[in-house]
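Data first, discussion second: the structure below is written as structure tokens.
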């Protein structure tokens, strides 16, 4: 796994600002994902014709105390965790010995919950 953070030091006009991490880029298992930190988003897709249902998605990448939390999922019901649904939550934090902990929880309708914790050290 490779993790890169995009550090922003200037605003759109090129003026200096207090530095902050705008994005995180994670390369693992043959794929690369880019997340905008501090963004909560979602979508709705499908056709309403009485025979098919809408599929809603949600994604958030936010700080919860000292952990960066990445959540995403989808559902076909009226609210989250209704209809056919899946959710994935990753919590990333660095412990006092500078090891990275990644806790992953996957759950959904009709499937058992799977919780996994990965522990990494910098090389």
Practice item. Could you figure out which of (1) within 16 Å of the chain's Cα centre (by Cα); (2) loosely packed, with under 12 Cβ neighbours inside 10 Å; (3) in contact (Cβ under 8 Å) with a residue 12 or more places away in the chain isn't true of residue 31? Key: (3)
Review point. Yes or no: residue 25 within 16 Å of the chain's Cα centre (by Cα) and either in a strand (DSSP E or B) or without any contact (Cβ under 8 Å) to a residue 40 or more places away in the chain (or both)?
Key: yes
Check your understanding: If you check residue 116 against the conditions, is it under 19 Å from the mean Cα position of the chain (by Cα) and surrounded by fewer than 15 Cβ atoms within 10 Å (Cβ to Cβ)?
Key -> yes
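Bear in mind these aren't lab numbers, they're just calculated from the coordinates by the rules spelled out. Only a predicted model underlies this, so the values are computations on that prediction, with no experimental measurement involved. For neighbour counting, all protein chains shown are included, and Cβ atoms are generated from backbone atoms with ideal geometry for every residue, glycine included.
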